[in-house]
Amino acid sequence: MILRSAISIFFIVFLIFSHSHVWSSQFEEQDSYHEWLRQYGAMDVYALSVREREAGPRGQMDYADALISLGNPQSALAVLGRIDTGNDPLLEGQKHWIRHRALRQLGDFDQSVLAVIESSSYLGTDGTSGLMKNESGLNMLWSNVWKRWFFQSLSPELINEGRRSIMEQSIVLARSAWPDMKIWERVRLPLSAAKPLLPGPTSDQVRISQAMALWSISNWKLAEEVLTGVSDPDKRSFFTNYGRYLQSSNLNLWDSNLKTKKSSGFTEVYATHLRKFALDDYAMTPAQAGSWEAFLDRIRESSSERALSLINQELSSALLSHEVRTRLQLLAFIYQLQEKHYQEALETWDANLSHLADLPYTILLSVSLLKQSYEPLTILPSTRYPFLRDTLNAAGLNLDPEYLASFWDQQQISLVNYYKEFPLDYAVNYLFYKQSYQAGQDHSSARNLAFLFPYSETGQSAYLNLAEHAYKEGNKALAWRYLQNISEEFAQGPRQLDLLEAKAGILMDMGREDESLSTYQLILEKSPERLSHQRRLRLALLAQEKGQWNSAQEILEALWAERGSISSALQAEILFWLGEGAQHQGDLEQALDYYLRLSWQFPEQNIWAVTAMYRAGLIYEQRGILETARNLFQTVLKNADRSSQKEAARQRLDAIESRMGQTSDADSFLF
């Protein structure tokens, strides 16, 4: 009895452990299957099996990760948003990492980097940097996002505390993930540091400040007179050019034949800023008072002393609206500055103007020079900061020489070395990447230009280059996304046809044939010779297929007009499809002409000549001209290579013989 009990217990234990081993093997086999699927890139099956296997947070994160690999980041984010990690640090960190990948795929790059930083608060610097170094292309994206953040700050000292903390954390992670990247060695930590107090503005800076203030009220004559007093000839030339540009709106008149890399490249680097922001926002907004313009004309025609007297006289009135009073106070600042009442001008600024949000940027630049500070510019859009910083730099005010190259630095060094020395200088980045890109259509430089300078002409050209590269690599969806970033303005520029051709080709491959055909037709209207004869013929056939017969005929007729440079085989095909189009549109005489001309001129092009002759025979048969039809069908029967063509011709001949046997020549006469 005891022995039987012992045996029973043994078997129970054996069964438990043997089943456990079987279950364990099944799970191991399942996990191995998932890894095998991942290895081969079968992510659709992987995602489905993961979703069915496990509903817990880890399984759901695997599912979200698989969705990203399948190109469905929106669904991945939705899945991640439903996951409860139970405050598990490892799971929470992994969730933020996967969120980063989804955001990166969506093109939300700032939030993507922020998700990595959030992940590091759970996984630690080492754990996160290990993931970072293994992700393709993240090092370039990371540095470009950080550069963009830096470009959109006036100075490290003026970055708000929250943003500064994020930027510093991203530096720590970058140094850990990519210790050999030189850019991170050039960034100081902490970002903000005490700066030495600068002396007051130089005499040249005061004169430039005076001229800028006068630009805001379009007092061009007095501004030029003031600038003649600038002792440095390069600065005098630069700001005289600037004022004349504001007056004329013609950037071609700007003499950029200056000595240094930054000064000679200024109008190209900041072309977008100059054409829009610089022209739109330089002038004082006029007061909505009927006599304001007349008063302003009177001020401009007066001497500075007389103008200031008139302004003070108006300010003494107690009946002024708030709008008129602030405009008069701004005029007072401008003319106090002209009269060299510098302290009084700054007091007017601090007491009455510094809080206003609608001031022209020319006034803000003027005050920045007087105060030797970027702080007055903080009310302007951050996308304008690089342009504003370098404009002040041109006047000799550079508050961050560690990061910002001197505007008038005349070192004779290559752009490569210049970039190594100043990797966070906006203009140096542009000039360096543009040179690299133009030297060999460098893919890496194109990506940097498109990311950092998307609205510049070179940046837009880079987007087109990236689209063409992605298309050649077979990634048509990515190519289309690149093209979507090209502006309407660039699309109307000198590379318009490049863009249209790339767009048309990608649309065709995406199955959007109607849109592709419309785009190709734009190319044909502007420059038909850009497309090969073969491609134009294919477009004509697509137009016929889409029922666009008139468009198809126009393309084919244009091709036929160029037949002198087209091979015989292609000429024969063009004639055939011209006949097809004319026949479909009911112009049977024209169709016959095309078919018969083809049969006569290109008999050696057997397939087209025989088919055209057969088509012509059918038309004659339908019109009752049976003798001609019989002659044509007999030639088809003789010359056809295919048995199906011979059989069709024989059937038509039998039918004609039958009809002709029922009539005679006599039957065709009335009497």
Using Cα atoms only, what is the angle between the long axis of helix 533-545 and the major principal axis of the chain, expressed in degrees (0 to 90) to the nearest 10?
70 degrees
Which whole-number percent is the relative contact order of segment 307-423 (Cα, under 8 Å, 6+ apart)?
14 percent
Just to compare against my own numbers: the Cα pair-distance distribution for segment 412-520, 10 Å bins, whole % per bin, please.
15, 42, 27, 12, 4, 0
Heavy-atom accessible area of K259 with all protein chains present, probe 1.4 Å, nearest 10 Å²?
130 Å²
Starting from the coordinates of the alpha-carbon atoms of the chain, obtain the Kirkwood hydrodynamic radius over all distinct pairs and give the value in Å to one decimal.
32.5 Å
With a Förster radius of 35 Å, plug the Cβ-Cβ distance of E314 and S249 into 1/(1 + (r/R0)^6) and report the FRET value to the nearest 0.05.
0.65
Report Rg/Rh for segment 153-220, rounded to two decimals, where Rg is the Cα radius of gyration and Rh the Kirkwood radius.
1.23
Once fully extended, how much extra length lies between R481 and Q590, figured as 0.36 nm per residue of separation less the alpha-carbon to alpha-carbon distance?
34.7 nm
If each of A283 and I625 carries a label point 7 Å out from its Cα toward its Cβ, how far apart are those two points in nm?
7.3 nm
Once you've got the Cα coordinates, tell me which of K546/K646; K261/K434; K476/K503 are over 22 Å apart.
K546/K646
Using a 1.4 Å probe, what is the accessible area per residue for the chain, in Å²?
50 Å²
Diffing segment 344-354: the Karplus 3J(HN,Hα) column from phi (6.51, -1.76, 1.60, θ = phi - 60°), in whole Hz with x for Gly and Pro, holds 5, 4, 5, 5, 4, 4, 5, 7, 10, 10, 4
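Report the full-extension gain for the segment R82 to Q651: residue separation times 0.36 nm, less the Cα-Cα distance, to one decimal in nm.
Net length gain for the segment: 197.7 nm.
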Assuming a viscosity of 1.002 mPa s and a temperature of 20 °C, what translational diffusion coefficient in µm² per second does Stokes-Einstein assign to segment 45-193, Rh being the Kirkwood radius over Cα pairs?
132 µm²/s
Excluding residues fewer than 8 places away in the same chain, name every one of the lysines whose C-alpha is closer than 23 Å to that of K371.
K195, K235, K340
Show me 548-559, 239-250 ranked by packing, highest mean number of other Cβ atoms within 10 Å first.
548-559, 239-250
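For the full complex of protein chains and a 1.4 angstrom probe, list K182, K476 by accessible area with the highest value first.
Descending order: K182, K476.
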Once the whole set of protein chains is in place, how much accessible area is left on R652, using a 1.4 Å probe, in Å² to the nearest 10?
60 Å²
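Tell me, what % of the accessible area of segment 146-243 is carbon and sulfur with a 1.4 angstrom probe?
Carbon and sulfur atoms account for 55 percent of the accessible area of segment 146-243.
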In degrees, nearest 10, range 0 to 90: what is the angle between the Cα axis of helix 643-661 and the longest Cα principal axis of the chain?
60 degrees
What is the angle, in °, between the Cα long axis of helix 161-177 and the longest principal axis of the Cα atoms in the chain? Nearest 10 is fine, range 0 to 90.
60 degrees
Over segment 91-168, what number does the Rg to Rh ratio reach, with both radii from the alpha-carbon atoms and Rh per Kirkwood?
0.98
Where labels lie 7 Å past Cα in the beta-carbon direction, separation of K259 and L356 in nm:
3.8 nm
Separation of the S121 and R538 label points, Cα + 7 Å toward Cβ, nm:
5.4 nm
Most to least accessible of H533, H322, H469 (protein chains only, probe 1.4 Å)
H322, H469, H533
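The values are calculated or read from the model by the stated rules, or taken from the named source; none is laboratory data. On a predicted model such as this, the values are computed, not experimentally measured, just so you know. Here the Cβ is made from the backbone with ideal geometry for all residues, glycine too, and neighbour counts use every protein chain on show. Accessible surface areas use protein heavy atoms only, side chains included; no ligands, DNA or RNA. Shrake-Rupley method; radii C 1.70, N 1.55, O 1.52, S 1.80 Å.
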